[in-house]
Amino acid sequence: MRFSRALAVAFITIAVALMVYAAVKYAGLLQRGIGVEQSGTALVGGPFALIDQNGQTVTDADFRGRIMLVYFGYAYCPDVCPTELAKMAAALDLLGPDAGKVAPIFITVDPERDTPAKLKDYVAQFHPQMVGLTGSVEQVTKTARAYRVYFAKSGDTGGANYLMDHTSFIYLMDQQGRYRKVFTPDAAPETIAAGIRQLL
């Protein structure tokens with residue numbers, strides 16, 4: 001009887017250990033920006049309807065057939081956003097002619113200040129292909145939730161000079177709009193370009 005109980009405890013312990021290992025392994029993949037390929041319904045991404053830097057309504061369907069490289073940030077961001085957008089631009093340059101098969105997309109998490117006109121000037125500083133998207137607070141919030149992106153005002157939220165706390169990942173979506181990989185801030189342009197090439 002004692003032997004059976006001990007055996008059952010051992011099996012349970014092993015099962016729990018395997019579950020913990022799998023969870024840690026998955027988390028480690030995301031942290032290193034390696035990403036996890038999806039099949040079926042994606043856990044990241046989904047339909048959206050936003051306004052581009054030219055004031056035109058744009059949906060996710062408009063990018064079908066092209067790889068999407070998606071980053072959420074804001075034009076008043078002092079350092080992190082410019083760094084990530086510059087890396088996206090450098091990755092596109094590394095692709096050469098294949099860069100035309102990629103849609104680099106910057107989605108603001110600060111629609112109150114980031115108007116289409118503001119985004120037009122901002123994204124032009126990084127790459128001629130870059131698309132800037134904004135919209136109503138509701139539209140942006142819905143899109144951010146689909147991509148599992150956190151954002152919130154910080155600092156002096158009562159004035160116009162507030163900052164935005166936000167998730168800082170670059171999302172790689174395939175030609176059908178499905179999530180394929182996430183790049184963390186430590187990913188180099190070469191790593192991003194290599195991830196894109198896997199989908200070409």
Segment 61-147: GluC sites (Glu not before Pro) in DSSP loop, at most 16 other beta carbons within 10 Å: 112
For segment 85-161, listing trypsin sites (Lys or Arg not before Pro) in a DSSP loop whose Cβ sees at most 13 other Cβ atoms within 10 Å gives none
Net charge, residue 66 excluded, C-beta distance under 14 Å - Lys, Arg +1, Asp, Glu -1: 0
Report, to the nearest whole %, how much of the accessible area of segment 56-200 belongs to carbon and sulfur atoms, 1.4 Å probe, protein only. 52
Per residue, what accessible area does segment 75-200 have, given a 1.4 Å probe and all protein chains present, in Å²? 45
Relative to 2.2 N^0.38 Å, what does the C-alpha radius of gyration of segment 53-200 come to as a ratio? Two decimals please. 0.99
The size of the Cβ-based charge dipole (Lys, Arg +1; Asp, Glu -1) of segment 127-193 about the Cα centre, to the nearest 20 debye, is 320
Within 12 Å, Cβ to Cβ, of residue 122, how many net charges do the neighbouring residues add up to if Lys/Arg are +1 and Asp/Glu are -1? 0
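The values are calculated or read from the model by the stated rules, or taken from the named source; none is laboratory data. What you are looking at is a predicted structure, and each value in this text was computed from that prediction instead of being measured. Positions of Cβ are generated from backbone atoms using ideal geometry, with glycine treated the same way; all protein chains shown enter the neighbour counts. For the accessible areas, the whole protein counts, side chains as well, though only heavy atoms, and no ligand, DNA or RNA atoms are used. Shrake-Rupley method; radii C 1.70, N 1.55, O 1.52, S 1.80 Å.
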